[in-house]
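The structure under discussion appears below in the form of structure tokens.
The values are calculated or read from the model by the stated rules, or taken from the named source; none is laboratory data. Since this is a predicted model, take the numbers as computed values, not measurements. Neighbour counts are summed over all protein chains in view; Cβ atoms, including those assigned to glycine, are modelled from backbone coordinates with ideal geometry. Ligands, DNA and RNA are stripped out before the accessible areas are found, and what is left, the full protein with its side chains, is counted by its heavy atoms. Shrake-Rupley method; radii C 1.70, N 1.55, O 1.52, S 1.80 Å.
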Amino acid sequence: MTERSSPGRILVVDDIEASLKLLTRLLERDGHTVVPATSSAEALAAITNVQPDLVLLDVMMPGLNGFDLCRAVKSHPATFLTPVVLITALSATEDRIRGIDAGADDFLTKPVNPAELQARVRSLLRIKRVTDELDSAESVITSLALTIEARDPCTDGHCQRLARYAGSVGRQLGLSAEDLAALQRGGFLHDIGKIGIPDAILLKPDRLTRSEYTVIQQHTMIGDRLCGTLRALSRVRPIVRHHHERLDGSGYPDALRGDDIPLLAQILSVVDVFDALTTRRPYKAPMTMEQAIDELHREVKRGWKRQDLVDAFVAAVARENVLLGR
Ligand SMILES: [Fe+2]
Ligand SMILES: [Fe+2]
């Protein structure tokens, strides 16, 4: 491929001055901006301050070694999408396995071959650019969700609270990091489809007529379609579509029953109802936390919600104090 790569900002971490200089020279020759670091402390500071597009890490370093540093980059929400290349002195399989476990995206062996360095940097920068675009597409959707919330003063803070509550229930249930991230995003995006509901219905202060209620229900399907355009939101879509389903099949939009309702959507539904009950509306005073939890238990008895999920929410509330800052 003859494509010229657009230059990036590359953090190079190596405690040996000579190899740092060599890598810097090779990268600068391709037009990249190099941020050098000779210790893990310097590297950590640069990662937060400079937000590099790519990190080249020497494995052998005093203090935190390359594996630990790589793990730190990959476990931080602000940098986990930043590609990391580990530079190992040997092509030892063991080092590579440790590197993969630490989340490394690629490897180079010392002494570094300039052509190989160029090619790997070019390909990882290309991937980084794509993930950046996805990331910003997602933040556009999230700010859209917050704009919709701003249309209705009664729901102020609803999305943030839901993201917090749902995450906390997920942790209580020991869900995977991916599920926790989906719950967090689902909290923000679950009602994104309300963008397609007219103000006259969405903001109506009194009870809705039957046909108006049917229109409101469409927010689940509109939201599902909106999220469908982004592959990054594939785990969030089921939450958006199914957060109003009920175990006995009396919910919407698909009248799903029991385990057919995705677990994450069921969790979001528990915290969504709780937040609606404990929020002031023009036509009703907010319930206390205890009253709202009693109401959730009544929904379990009616066959709408799972007992264990309501219990997990109650336990999460007690454990994490998630209701603070309401
Ligand atoms: Fe909703
Ligand atoms: Fe909601």
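For the reader, a short list of remarks on this structure follows.
- Dividing the summed helix terms, -39500 (n - 2.57) for each DSSP H run of n ≥ 4, by the number of residues in the chain produces a 222 nm estimate of -17000 deg cm²/dmol to the nearest 500.
- For residue 185, net neighbour charge (Lys/Arg +1, Asp/Glu -1) across residues whose Cβ lies under 13 Å away: -2
- Taken over segment 185-268, the percentage of Cα pairs per 10 Å bin, counting from 0 up to the bin with the maximum distance, is 19, 47, 30, 4.
- Segment 202-265, accessible area per residue, ligands and nucleic acids excluded (1.4 Å, Å²): 56
- Net length gained if the chain between residue 147 and residue 75 were fully extended (0.36 nm per residue, minus Cα distance): 22.9 nm
- Within-12-Å neighbourhood charge of residue 254 [Cβ basis; K, R +1; D, E -1]: 0
- The long axis of helix 307-320 is offset from the longest Cα principal axis of the chain by roughly 60 degrees.
- Antiparallel DSSP beta bridges within the chain, percent to nearest 5: 5
- Between 0 and 90°, nearest 10: helix 114-151 axis offset from the chain longest Cα axis: 20
- Sorting 283, 252, 213, 165 by solvent-accessible area of protein heavy atoms yields 283, 213, 252, 165, largest first, with a 1.4 Å probe.
- Neighbour-limited loop hits for trypsin sites (Lys or Arg not before Pro), segment 1-84 (at most 12 other Cβ within 10 Å; DSSP other than H, G, I, E, B): 4
- Relative to the longest principal axis of the Cα atoms of the chain, helix 158-172 runs at roughly 70 degrees.
- Local net charge near residue 89, Cβ-Cβ under 13 Å (Lys/Arg +1, Asp/Glu -1): -3
- Other-chain or far-sequence residues with amide H under 5 Å of residue 56's (modelled H): 11, 12, 13, 85
- Accessible area per residue was computed with a 1.4 Å probe on protein heavy atoms; residue 133 scores about 120 Å².
- Ligands, DNA and RNA left out, the accessible area of segment 110-225 computed with a 1.4 Å probe is 57% carbon and sulfur.
- Straightening the chain between residue 68 and residue 93 buys 7.2 nm, computed as 0.36 nm per residue apart minus the Cα-Cα spacing.
- Other-chain or far-sequence residues with amide H under 5 Å of residue 287's (modelled H): 278, 279
- With the gyration tensor restricted to C-alpha atoms of segment 111-166, the semi-axes of the equivalent ellipsoid amount to 42, 12, 5 Å, longest first.
- Rough spin-label spacing in nm, given labels placed 7 Å along Cα→Cβ, for residue 178 and residue 302: 3.4
- Residue 229 contributes about 110 Å² of solvent-accessible surface, heavy atoms of the protein only, 1.4 Å probe.
- Protein accessible area in segment 56-107, 1.4 Å probe - carbon and sulfur %: 59
- Listed cross-link partners 21/110; 21/128; 284/305 are compared with a 21 Å cut-off, the Cα-Cα value being larger for 21/128; 284/305.
- When Rg and the Kirkwood radius Rh are both evaluated on Cα atoms of segment 1-117, their ratio Rg/Rh stands at 0.93.
- Each label was represented as a point 7 Å from its Cα along the Cα-to-Cβ direction; for residue 217 and residue 42 these points are 6.4 nm apart.
- Gain on full stretching of the segment that runs from residue 110 to residue 280 - 0.36 nm per residue minus C-alpha separation: 54.9 nm
- Inter-label distance, residue 16 to residue 209: 8.0 nm, where each label sits 7 Å from its Cα along the C-beta direction.
- The rule of thumb for compact globular proteins, 2.2 N^0.38 Å, goes into the C-alpha radius of gyration of the chain 1.24 times.
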